[in-house]
Amino acid sequence: MAVEAQWSILVFLNAKNDLEPFAFPNFEQMASVGSTPHVNVVVQFGRPKHHHHGVPPDNAWSKTLRFHVRKGMHPTEDEALEDLGALDMGDAKTLTDFVAWGRARFPAKRTMLVIWNHGQGWRLRQAVRVTGDEATVRRHAELRAEIRREAGVVTRGPTPLADDMRIPGGFRYVSNDDDTGNKLYNRAIQDALSALLKGGRLDVIAFDACLMAMVETAYALRNVARVMVASEELEPGNGWNYERWLRQLVDSQGDMDAAALGRAMVKGFEDEYGDSDDTTQSAVDLSKIADLGASLSRYADTAMPLLTSQGAAAFKAARMACSNYAPGYGLNSIDLGRYMEQIAAQHADPALRASAGDVGAKLKAAVIANYASARRKGKYGSNGLAIYHPNSGVAYATDSDGEGYDAENRHFPVEFVEKERWAAFLRKYWQLVP
């Protein structure tokens, strides 16, 4: 009699970008454990037309293949379960087709979807992820400033990046396909998976990618999965070490629920990097995110009347006490817990302090586990979820992804922006802190 599988791990491995070389060690980590009767490891592996330096020279296929990962397997055409030819890995239909196929072909009590795209494939991000070299960050910032000075452009805030140098914040999108130029907007993921699941939920949705542990992302996926695993900060080029948590799952014969697997994944990331890099990782209970969103709306309602020409200083001081993730690249996500702690410390209004405390309590209730290296504590906070908060109107105006917070935006709108009142609070803040 066949054993019923406990878990199917579905990995949407989009290597159709300059992070292609990192896909191979991650696949090898999965294959070092392999599938068992209790745990299926299933990978949809997309690779670009033009390969990047560092890929195995004897394994140069350019298409999308599906693998049921066995112990010791290599990602070759001969080992593939299915050959899908050229597919757009930046299309939500490609994602949902994979999830539907994986669940039907490898049914299990629980399902995890991993979206792999270390930092969404932008070249400038790769330099940071591969080297961790802060001098590289500074040099790129100097080059951008020099270009703008020569062009006679002067701004008081961050300098916009060219499209091929941008690092998008996690509240908008993930999974860039360089062959097509498309990417998976979070709203597209949300809508497509909701339609596929028809009121059901995945057990875990996880991002082996940068900057995805944000309130906005969790809010979008609150009805799609039970637990989300992601990073507030950039990830190193190697991303996760899949062997660390897969071996635990397999050794337990799949006897982990979604929260337990989330904890194992966070601990595996911590064990891999410790304090050696600028790293974070968190597991979040998505059933708690609606309460967190409502608490943020109540905070906004309490804060907006206090945003006056005199009252703005305390809000500005609280914001300036929070460091932006991915420093040096003009991004605007900060740790939510750190910000609310600073509001309580900087502002005298008792109702606002109480509201900030309530947000902090709702955040703590939502975070199952989180880790941050020593370099991502202090002013970074790193309590598990970030939130969008440019520190001035100029910072917002020069954010290439700021469209997502425009009141009239209809281009893959962010549901958190539409339904909660945090965005209204920010817009009033930017009027007073230009």
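In the chain, the DSSP-assigned H stretches of four residues or longer account for a calculated mean residue ellipticity at 222 nm of -12000 deg cm²/dmol, using -39500 (n - 2.57) per stretch and the full residue count as denominator. Cross-linked pairs K183/K267; K49/K419; K198/K364; K288/K428: Cα-Cα separations exceed 31 Å for K49/K419.
Across the options I289, V250, A108, the greatest Cα extent toward the positive end of the charge dipole of the chain (unit charges at beta carbon of Lys, Arg, Asp, Glu) belongs to I289. Per residue, the convex hull spanned by the alpha carbons of the chain comes to 134 Å³.
Among G46, G337, G85, the largest mean-square fluctuation in a Gaussian network model of the chain, built with springs joining Cα atoms closer than 10 Å, belongs to G85.
Computed about the Cα centre, the dipole magnitude for the chain is approximately 1080 debye when only Lys and Arg (+1) and Asp and Glu (-1) carry charge, each at its Cβ. Taking all protein chains as shown and a probe of 1.4 angstrom, D401 keeps an accessible surface of around 10 Å².
The values are calculated or read from the model by the stated rules, or taken from the named source; none is laboratory data. From a predicted model like this one, the values you see are computed outputs, not experimental measurements. With ideal geometry, Cβ positions are generated from the backbone for all residues, glycine too; neighbour counts draw on all protein chains shown. SASA here: full protein model, heavy atoms, side chains in, ligands and nucleic acids out. Shrake-Rupley method; radii C 1.70, N 1.55, O 1.52, S 1.80 Å.
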